[in-house]
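Read-outs: derived from the displayed coordinates by stated rules, not from any lab. Not measured: the values here are computed from a predicted model. Positions of Cβ are backbone-derived with ideal geometry, glycine not excepted, and every protein chain shown enters the neighbour counts.
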């Protein structure tokens, strides 16, 4: 396999990555709190000391550099539940799971049988100090959540929801159940938090944009295959000419 084939292979691997990301975005069009991903690629240039043609000394390959989240906010979806919240701006709700602390923007909040505030999956939500928030018995119907994340009961504040941000969004990775894992988080102060209660944040995926991306990927695949076929034809022609010369 010559260099041109390796270049095409790196390009098609990048297209496969784009396809996976676009398909995942499309699958989460209606997932609450989902933020679309964008693949990031880098150019790798291999420099040869010698080449038959001067311009052929440098060969460019495509490298998969990862994916980043689109931080554009999703639309507000009213639920009628005063405990549900939409995060306006950066941040993730912190959740305690058997596998450790996880993060989510899905603001479905429930009160468990033991009085703790939980996510829709039943995992305890953590406050700004990393502890669960409990609601006293009999006060469940009078719980409200303020714009700064403070949870109020009938007798006063019960705690403040812990919202985490990351200096590098590339460190936030989906774990497959609407939640994320990540390292290097920081808990936002009350002044940095702005929540809107009574609803949740919808997905920021735009189906038309993702459909256009899928069409573009398909056409790029077709062009790549045509180039590969052209290279095969050139090799076949070269071999035939060499055979006639011998």
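Could you tell me the calculated FRET efficiency between residue 141 and residue 120, based on Cβ-Cβ distance and R0 = 25 angstrom, to the nearest 0.05? Please list the in-between numbers first.
Numbers: r = 19 Å, r/R0 = 0.78.
For residue 141 and residue 120, the calculated efficiency is 0.80.
Between residue 214 and residue 97, how many nm apart are label points set 7 Å from Cα along the C-beta direction?
Here the answer is 2.7 nm between the modelled labels.
I'd like the distance separating the alpha-carbon centroids of the range 195-230 and the range 142-187, in whole Å.
Each part reduced to its Cα centre gives a spacing of 30 Å.
Among 171, 26, which comes first, then next, by fewest other beta-carbon atoms within 10 Å? Write out the running numbers ahead of the final one.
Working: 171 13, 26 16.
By the 10 Å Cβ count, ascending, the order reads 171, 26.
Distance in nm between label sites at residue 70 and residue 152, each 7 Å beyond Cα in the beta-carbon direction?
In this crude label model, residue 70 to residue 152 measures out at 3.6 nm.
To make sure I understand, if each residue's beta carbon is the centre and we count other beta carbons within 10 Å, what order do 161, 234 fall in, fewest to most?
On the way: 161 27, 234 11.
Lowest to highest Cβ neighbour count: 234, 161.
No solvent, one uniform scatterer per C-alpha: report log10 I(q)/I(0) for the chain via the Debye equation at q = 0.09, 0.12, 0.16 1/Å, two decimals.
These q points yield log10 I(q)/I(0) values of -0.54, -0.77, -1.11.
State the extension gain, in nm to one decimal, for the chain segment bounded by residue 229 and residue 16, taking 0.36 nm per residue of separation less the distance between their alpha-carbons.
74.8 nm
Averaged across orientations, what area in nm² does the convex hull of the alpha carbons in the range 76-201 project?
Details: hull surface 29.3 nm².
That works out to 7.3 nm², a quarter of the Cα hull's surface.
Using the Cα atoms of the range 150-246 to build a convex hull, what is its mean projected area in square nanometres? Before the final figure, lay out each step's value.
On the way: hull surface 49.8 nm².
If I average the Cα hull's projected area over directions, I get 12.5 nm².
Order by neighbour count: 206, 37, fewest other Cβ atoms within 10 Å first, most last. Don't skip to the end; give the middle numbers.
Values: 206 14, 37 20.
The order, fewest Cβ neighbours first, is 206, 37.
Among 117, 15, 231, which one shows the biggest mean-square fluctuation in a GNM of the chain, springs joining Cα atoms closer than 10 Å?
Largest GNM mean-square fluctuation: 231.
Modelled label-to-label distance, residue 9 and residue 242, 7 Å Cα→beta-carbon offset: nm?
Calculated label separation equals 1.9 nm.
Can you compute the equivalent ellipsoid semi-axes for the range 137-180, i.e. the square root of 5 times each eigenvalue of the Cα gyration tensor, sorted largest first and rounded to whole Å?
Working: eigenvalues 189, 36, 8 Å².
Sorted largest first and rounded, they come to 31, 14, 6 Å.
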